[in-house]
Every structure is written in C-alpha cells, then in structure tokens.
Amino acid sequence: MAEVVTMIQLSPTMEEGLVVGWSKKEGDDVEAGEILAEVETDKAAMEMESFFDGVLLKVLVAAGDSIKVGAPMAIIGDRGEDIAEVLAGLESAPAPVAATAGENEPSKGGSTAVASWNDADAPAAANAIGARSDGRVLSSPLARKLASEAGIPISAISGSGPGGRVVKRDVLAAKEAGVTGAASGRDAAIIPVVATAEDRVVSLSPMRKAIARNLSTAWQAPAFMLTRDFDMANVVVLRKQINDGFKTAGVDNKVSFNDFIIKACARALIDTPDMNVAYGGDHLTMFGSADIGIAVAIDGGLITPVIRAAHTKALSVVSSEARTLAGRAREKKLKPEEYSGATFSISNLGMFGIDHFTAVLNPPAAGILAVGNLRKTPVVAEDGSLVAGTRMSVTLTCDHRAVDGATGARFLQQVAIYLENPALMLA
Amino acid sequence: MAEMLYREALNQALAEEMERDDRVFLMGEEVAEYNGAYKVSQGLLDRFGSKRVIDTPIAELGFVGLGVGAAMGGLIPVVEVMTFNFAILSLDAIVNTAAKTRYMSNGTLSCPMVLRGATGAGGALAAQHSQSLESQYTNIPGLKVVSAATPADAKGLLKSAIRDPDPVIFFEHESLYATKGDVPEGEYVIPLGRGDVKRAGADVTVIAWSRQMRNLMDGVEAMCERTGLDIELIDPRSLRPIDEDLIFESVRKTNRVVIVEEAWGHSSAGAEISDRIQRGCFDYLDAPVTRVSHLEVPMPYSPPLEALVLPNNDRIEAALRSVTYGAAKGGADG
Amino acid sequence: MATQKGKQEGNGKQASASLSDEQLLDLYTEMVNHRRFEESAARSYGMGRIYGFCHLHIGQEAIASGASLAMADGDMMVSAYRIHTMAISRGVTHQEAMDELFGRATGNVGGMGGSMHLFKPDNGFYGGWGLVGQQVPTATGLAFSNKYKENGAVVVCFMGDGAVHQGAIHESLNLASIWSLPIVYIVENNHYGMGTAVDRISSLPPIHRLGAAYDIDHGEFDGMDVLKTYDAISEAFERARSTSRPTFLEAHCSRFRGHSMSDPGKYRTRDQLAEEKSRDPIPTLAQTLVERGLLDDEKISAIDKAAKERMKKVLKAAEEAPWPDASEIHTNVFAEGGTNG
C-alpha cells in the first residue's frame, strides 16, 4: 500500500518547510530511517528521514519549493504499484491548514467558561450590581467631567452603562436633548440665581443611605394606589370643640387634623384586618394591633416614629404621643424600637400646601396613606346647589402582594366613616 | 528599507554594534558554533571570531554573573539566555548585582550589559517553558526592560539597549523570530522608553507588546470590522521606563483602554500601566481600564487548554465590548 | 561495610549474574518496546500529533531499563526531560505515555505535562523536569526525606552531561556528602549538551571525577550495555542502602537522534553517528541472549513485530483519545479548596 510522505514538523514554531533537495530520486529504494530530503525549517536545515520502507514512487515537491507542514511531499510504495488513486485522493483532499489539523481536532474551546479574573469583568459584575440600592448615581469619571462642563447634574442623566452607569454617550445625549440643571430640586423662589455655583458632591449620611436602601427595596414591591376625598367638615368642627375644651379646662394639649387621621386609620385597620398586614415572602403577617407610623421630616431626611396600638388610645393620648415622638425625632433621639415595626404609615404633606401625592411603602407594612391639605372647595350639595365644602385628598399605596384593590377601597371607606363622623372615634 | 525576519533584524543589530564597538561581545548557550538556538547569532562566529562570540556551558548563574562582571570591567556584554525561563537561575547576578551596581557604588561603577533571549509561549511547551516574566524585571529599579514586536523595533531597540549605560533586559518572543517586516538599513536607533502608535484609532486604546501586539497588528482591521470600533494600538516597547505621555495622550482621546498581556495579570506590567492610567487620566476614563491576560494558572501542555489560557480574539473583543458598553458594529459612539 | 571514598571499580559482585532467564527476556522486550515507542513518537511529532518539545531516548534505552531493574519497592527515580522510557520502565503504560504526548485527557498527567513532564510517584517515578539541573537538588531532597523517615529507600537521579556545570548540582553534591544521603547520581554522558560537545564546555572529563571533589564515591560504566548498567547501579544502590553514602556515576552513552526534534544534528558527522550506532544497546543484549540460548532470530523478529503492533494500536488509540475538558484548567493550581484569587 502506497504511503504519502508529508512535510514533517521539526520545531514547535515551524509552519512550513523548504525542500532544499532530495537525497533520493523517483525509483530509488528507500528504507525507514534513510535520509529522504533536506528540509529547511524556520530554525535550521534538517535531514528528513523516511518513515516507510519501499520505493520512492513519486516526488510531489520540487527542490526549492516551500510547503506547509502536513502537505504531501512524496509517495512511497511497492515497485510498480498503481498510485493513481492515491494521487486523486490528494487532489481532492483539502489543503492542510495547520500542523495540528486532524480528524480529532483540538476543540477551540469557548472563552466564556474560563474568563480570566481580570478581563472584561464588567458585564458579569455589572449585571450583578443591577440597580444600585444605595441611591448612588453610577457614572464614569469622564461622564462626570463632561456633565459638569455642560452644567447638567449627573443625577439628571439616565445611564446606559452597566447598573445604569452614566457614561460619555449618555451625557452627550442629554446635552443634545437639552437637559439642564433646573430639575434638580432647587427652589428658584428661595435661592436667588446669582452667579452659577459649583455643583457639590456631598457624601451620604448613614441615615440617607438607610433611607435610600429601604425605599429602593420598597419600590420593588408591586404597589397600587387608591385616591379619594374625605369630607372633613365634621372633623374641623369637632377639633375646634375639643381644642376649645382643652383651653377651657386648662389642659395643655391640642389635637391636630393628623391626630384624627391617625386615630381614624387605626380604627379602620382593626375593622379591616386584611389591610393590617405585611407580606413575608411565603406568609402574611396579620397584625393584631394598629401601630401607626407617622412620617416626620427632619434635618437631612425623614423618619417614621410609631404610635403603638393607636386604636386603643384616646385622641388626646395619640396627640400627645405624636407630638413627643416628632420632637424626639427632630432631635434625632429616637430609639430604634420607637421608629420600627409600624403596621401602617401615614405621610402628611398638607402643611406644605400639597393637595395630593403618593407615598412609597414603608416596609414591612402593606399600606401607607399620603395625606394632602384640607381645602375649601366647591361641592355639589344634595340639593344640587354649589356650596363651599371642606375636602381632603388621600392616596393609599398598597403592597399588592398582600392586599387587593377592594380591600384597600373598603379600608378607605371605613376611614371615611370615621373622619366624616368623627364622634364615632370618641365612642 | 529591507524586508527581513525578526531574527535577522536582531542579527543585524548585533553585527552592526559589534562592528561599531569592539567592547561588544556575545555570549550564551549555543550562540557560536550552533549559530544560536533560534538562529539569532547566525554567522556571527565566522564574522567576529571566538573571542567575541562565545559558547558557554549550561550554567546561567555563572555566565550571566560573568557578564555582569565583564560589564563592570569595561566591556559591553550581550548575554543570550536561550529562554527567560532559564534566566531565572541567573537572577542573583541580575537583581542583586547588575541592578544595584551603579547605585551602591555611588556611581563609581556601572554595568552596561544586555541580557536577551526568548520569552513567551512557543506552542505546547508546557508549564516550565512557556512563561513571560517581563513583569518580574520591571519591578526592579536599576533595570530597563524592553520588548520588541516587529523586526524594525527589534533592530532599533537592540542597538539602543547595547549603547545604554545601564543593564537592559531585552525580551524577544519565541514565536516572533520567524515573522517578517520592513527594517531600516544601517543606523536605526529607537530610544528606550519611547512607545509607538501601531495603528491610530478614535474609539478605544489597546495597549500590548511583543507577540500580542504583533497578533493585534496582523488582525486589527478585521477586529475593527467585527466590532465596529476604530481601535488605536499602542505599543510601549519599553516596559521600564514606560512612555506614559504616549499612553495618556491616547487614552485622553479614546477614553477607553484594553491592555492585552501575554502573562499573568496579577502584579504585572499591565497592572502597572493600568494604575498609571487611572491616576494620569482619571477624568478621561469612560470605562474601567480592562485587562486581558493569561488565566491565572501554570501553562497546561495540551494545545486546546493552552489556547484557552492565552489571550485570544474572543477575550479581547469581549473586553472591547465591555469598555464601550456594548457598542457593537455600527453602534460605536464617538 | 566501610565506606571507601574513591572510585567505584566494581565490588566484585555482578548483580546481573543472578538475573533469571525470564528477567533477561523481559529486559530485552522492554528495551525493544522503548525503541518502538520513541520511533512512534518521532513519527507522530512529524505528523503534528505531538506538540512542543520532544526529546527522545533512542540509543539510551539501556539506562532506563537497567536503572529501573535495580530499584526496589519504595526507591525513587528523578530525571530531567528525556524521560519517556524511564517513565515507562517505572510502570507508566505505553498508552498513558503516548496519550500524554498527544495532549489527551487520558494521558499520564491528563494532558497537563506533555513529553517533558511525566510522573508516577506511586511507582517511584518523580518526573519529569524541564530546567537543566533543577531536578538534582530536588532529588537530593527526596533522599533527605527517605533518610529522615529511615525507610531505607534510595533515590536515583539522572542528569545530562550538559547539566553538570550548573551551580545547583555542585551545591547538591556537597549537601549529599556532608549529610550522607542515600542517593545515586547518574550523568548520562551522550557527549553533547544540545549541540555542544561536552569537551568544549567542560573542564571535567572524566565527569565522574566530580564526585571526588565532594568526597563521594564515583565511577563510570558503559551505558550502552544494559547488564553493565544494571551492575554498576546495583552496586551504588547497595552502598546507599548499607552505608547511606551517595554515589556519582557517569554512564557513557549515545543518543542516536538530535537533542530534540528540531535539532538538525550538524555537530557530528555521519561516520561518527554510524560508529555510535554500532554500539546500539538492543542488538548488544540480543547477542548476549543468543549466546545464552535464550533468543534466536525468530524470537527476535517476533518480539519486534509484537512491539510494532503494540505501538500501532497505541497510536490509534491516542489519536482517538479525548481532549481534556476546559474545566480542568483551574484544577490543581492549589489543593482543592484553595483559592487562586
């Protein structure tokens, strides 16, 4: 059987070999181990031995020609053997491409399974980061510099990089879109626009970080909002009666509208136990007590002190507790047990003239009520006439994992009963 | 200009410098009668004789140390180590003696020598013969470290290295000896510490040297095509001293950097460059400096595993996508 | 036995005289297999199936087989990178060795080591090292551990003639002597360190006299004759076992091939090579065995044919053997559970 002699690899870096000359000519006898040709590699000229016994039937490469490692050089076989078939096979065979070519080719393994610790770690790591929960705006140094030059607060730019990182192209896009710094929460009426001040980067206080972390978590809960108005006319009347009464009795107390709302919610929660709950992943906690958190704005943030078992407490007690807790909150003297574990929360921005807003859940409680200001508003009376009414808008944010729309609505209905008939709360 | 092989360019530099200055001599394993394990010293024995082209025993500490002494004695030795894997044995002479001679003697002595030889993975040579140890030398004050990617650089840098008054560690890649390129004839000297823009580009800076730079040069147009990025190739050529200015200029233009290093990345020359960039170009970076280097393992023998340990196009392009935030073909932003 | 520092001239015993007919025939068969294995490796390298460096032991097979036969259970062999035959003599199968050369998962060390780095410590083969001379201090340390543990084991450590000028070897010899370590150092003097004739770069010839400088018994033997090899190494082993003294031996031998596959071998003439080949250890042993009536032409040819058949199968299986899985890259950088951060 004729054997094909191929250009052998003689060094690790050799890709092709130059046939310097043949030591045998066609028709010569060849023994395995005999020198067949001289081959020049990338390193040196070497003698190439035959691996086969037989007769050199055909020389395929002329002296002076260079061929790839693995390419056919000659055919050795028995004298007189027909090599037509072998030659035909060589012609149809694909040219060797590399020394390692073979049927059992080394797999060119994918790089994904074995990425180094240091290369291109950004995609994986960035995905892991996801939306930053500490509220920090991720941005490249270049993006910050460009944004600063363009007068655009980095926080006003949405980032397209990993984890929402603001990168150069985002700043350029924002510039293009005309984003400016006006949306950054400065109150033009109060801060006069004198010469532009440098943007400052202020590091986060621990409280700010905690707020950011908690609210980011809360934000991930599927929530829905229910908005309705309450007729507060009766609360206005009753509140005046009570406060006048305190004055007459020489009691140093004063109930606020918010105290009424706290009390009303507490009662309504007991009446609507499905609303007084917390979602726990694989369970629901049904609270036995209505512990109401009241959002208090303080220097550098906000905090939610809790009035325990508000449903059991007289309005005057709720009132004095709320006042004490808010005072201690502003002095930052609250103990953790005083501001955690609310089963429901209330956030009231009425004093800022806010008519209506929505609040973010205060976990783990499944509900928070956003309370707007009391306002005089024309209302259509039962007889169809327009009269001046006293209304207050509230929006209830509910954790939909724990509470459904109807439950929330029923709860608000119950709150309405108490606020529109406040004497019930005294009963 | 003449087209020649990398090994021929080195040969030419050696011959020209030996011609120019008779203090220059070549010494090492198989450099004379065998004409060099990688044929770099082809013909030099015949031309310069056995006084100046000297075969040594396999005794790296001995003959490298001897070179250090000869340099101190007023000669200019070019000491060839067959590969830098073997030069590990000579580190006492290099690190403890050559690098410290001028300093410890308060300038009364010097050590103008070149230690040169093959580095890198030559192809399935397994763990002990596939190392790139440039970074280890860059950590030593008193040593200059040079690495040439092309025949022209090889010639110009080797001539400078031989003329340098201090010890220079000169790395030649085992897989580059048979590569071709145009080389200026005659006096052609590249100052040490001067990098080179191998391709100008606008979108991303890729820093590499030696064989990795050569691979990038050969494949960069296709890589630009595949990634849709206009890649700038920067070859520092000297790893110590390093051409900070050139690197910074490029980074300030492109804002993104990928460093490709045929070596382990832990505490490496690439890490040093990365550190300098973050300090020198902090406000210009639009993405973290990203490095592609060996997987952190000794080199396995089996070719498919070796291919995974070495930097490759897949990994380099993943890094390019990462620093450009996925800007793919057609999606590259300025 | 009193230690006499000086030249090992032969202790009057010929260990080989007590080898059984079966052992002699096995020895012959093993050497023929070595030869065919190495030839198969050469051919496969030429075909691009073996990668990197490939150093063949063709011509020096008697040293591997003779030394291995002299070893007892627990003894250790350490060598440099011309080791296929040594590893096989110490029990690495032809298939495991060839698969390793092919870089396959089924290789002796799973494709991680290749031609230069074979290991079988459970049968006394401790590698397989690529840097010239580095194995010598390591082997000396193995001998130290054996003496420390008082387990009676002896280490045989090979090095090439090109290695003996490495400082580490001189330092090792001194340590072995001052601490009386049970080790047999053997220089395989094939007269060329790569392409450099040993007398061009050595002040030593005869190399074995290096032992005298360190007060170590030393000697030389014909490494082309497996029985003389066995005798000389056995004597040194006995010295190590009974007196815990090292021995430094020089084996005169020839490698019929280049230093590695990429060595053109221009440094010796064809006549020189032909002369060296006339001392081929395989026909030399065959002749002895024919004279003893253990072999005849027919048996010789049958043994050779079987070896060729065996290697054919080995090559085919190696060709079909699986490549290592990519996940293997990160194993064994440290012990399991270690981190590589």
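Any read-out appearing in this document is the output of simple, stated calculations on the displayed coordinates, not a laboratory observation. Since this is a predicted model, take the numbers as computed values, not measurements. Cβ sites come from the backbone with ideal geometry, for glycine too, and all protein chains shown count toward neighbours.
Numbers for the structure displayed
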quantity: Number of partner chain Cβ atoms within 10 Å, mean per residue of C:103-116; calculated: 5
quantity: Cross-link partners of C:Lys299 among lysines (Cα-Cα below 27 Å; sequence separation of 8 or more within a chain); calculated: C:Lys228, C:Lys277, C:Lys308, C:Lys312, C:Lys313, C:Lys316
quantity: Residue mean of other protein chain beta carbons inside 10 Å, B:308-319; calculated: 5
quantity: Descending semi-axes in Å of the protein assembly as shown, equivalent ellipsoid built from Cα gyration tensor; calculated: 81, 35, 30
quantity: Two-site label geometry, A:Asp65 and B:Ser50: point separation in nm, points 7 Å out along Cα→Cβ; calculated: 4.3 nm
quantity: Sites A:Phe352 and A:Phe224 - FRET efficiency at Förster radius 30 Å, r taken between beta-carbons, to 0.05; calculated: 0.75
quantity: Label-reachable residues, segment C:291-331, where backbone N falls under 20 Å from a point 7 Å from C:Ala17's Cα toward its Cβ; calculated: C:291-294
quantity: Neighbour net charge for A:Val20 - beta-carbon separation under 12 angstrom, K R +1, D E -1; calculated: -4
quantity: Environment charge of A:Gly281, counting only residues whose C-beta is closer than 14 Å and scoring Lys/Arg +1, Asp/Glu -1; calculated: -1
quantity: Longest to shortest principal axis, alpha-carbon extents of segment B:162-220, angstrom; calculated: 39, 26, 23
quantity: Candidates B:Ile76, B:Ile88, B:Ile316, ranked by Gaussian network fluctuation over chain B, Cα under 10 Å, top entry; calculated: B:Ile88
quantity: Sparsely packed GluC sites (Glu not before Pro) within segment C:10-67, loop by DSSP, other Cβ within 10 Å at most 14; calculated: none
quantity: ³J(HN,Hα), Karplus 6.51/-1.76/1.60, whole Hz, each residue of segment C:14-26, x for Gly, Pro; calculated: 10, 4, 5, 5, 9, 6, 6, 4, 4, 4, 5, 5, 4
quantity: Dimensions (Å) - segment A:3-92, Cα atoms, principal axes, largest first; calculated: 37, 29, 20
quantity: log10 of Debye I(q)/I(0), alpha-carbon scatterers only, for chain B at 0.08, 0.13, 0.14 Å⁻¹; calculated: -0.37, -0.95, -1.08
quantity: 22 Å Cα-Cα reach of C:Lys147 towards lysines, excluding residues that sit fewer than 8 places from it in its own chain; calculated: C:Lys5, C:Lys120
quantity: Three-way shape call for segment A:208-426 based on the alpha-carbon gyration tensor, with the a/c threshold at 1.5; calculated: oblate
quantity: In segment A:196-266, trypsin sites (Lys or Arg not before Pro) in a DSSP loop with at most 12 other beta-carbon atoms within 10 Å; calculated: A:Arg200
quantity: Phi to ³J(HN,Hα) by Karplus 6.51 cos²θ - 1.76 cosθ + 1.60 over segment B:228-244, Hz, x for Gly, Pro; calculated: x, 10, 9, 8, 9, 9, 10, 10, x, 6, 10, 8, 7, x, 10, 7, 4
quantity: Exposure proxy ranking, count of Cβ atoms within 10 Å, fewest first, for B:His173, A:His311; calculated: A:His311, B:His173
quantity: Cα gyration tensor shape for segment C:17-314, rounded if a/c is under 1.5, else prolate or oblate; calculated: rounded
quantity: Charge sum, other residues only, whose C-beta stays under 11 Å from B:Ser175's C-beta, Lys/Arg counted +1 and Asp/Glu -1; calculated: -3
quantity: Cβ neighbours within 10 Å from other chains - mean over C:131-143; calculated: 2
quantity: Cα convex hull of segment B:2-183, projected area averaged across orientations, nm²; calculated: 9.4 nm²
quantity: Label-point separation in nm, A:Gln413 to C:Arg241, each point 7 Å along Cα→Cβ; calculated: 10.2 nm
quantity: Entries of B:Lys39/B:Lys159; A:Lys247/A:Lys335; A:Lys254/A:Lys335; A:Lys240/A:Lys333 with Cα pairs more than 28 Å apart; calculated: A:Lys247/A:Lys335; A:Lys240/A:Lys333
quantity: Net length gained if the chain between A:Glu149 and A:Ala314 were fully extended (0.36 nm per residue, minus Cα distance); calculated: 53.6 nm
quantity: Reference-scaled alpha-carbon Rg (2.2 N^0.38 Å with N residues) for segment C:44-188; calculated: 1.03
quantity: Whole-number percent relative contact order across chain A, with pairs defined as alpha carbons under 8 Å at least 6 apart; calculated: 12 percent
quantity: Computed over chain C: relative contact order in percent, which uses C-alpha pairs under 8 Å that are six or more apart; calculated: 23 percent
quantity: Kirkwood Rh (inverse of mean 1/r, distinct Cα pairs), chain A, angstrom; calculated: 29.5 Å
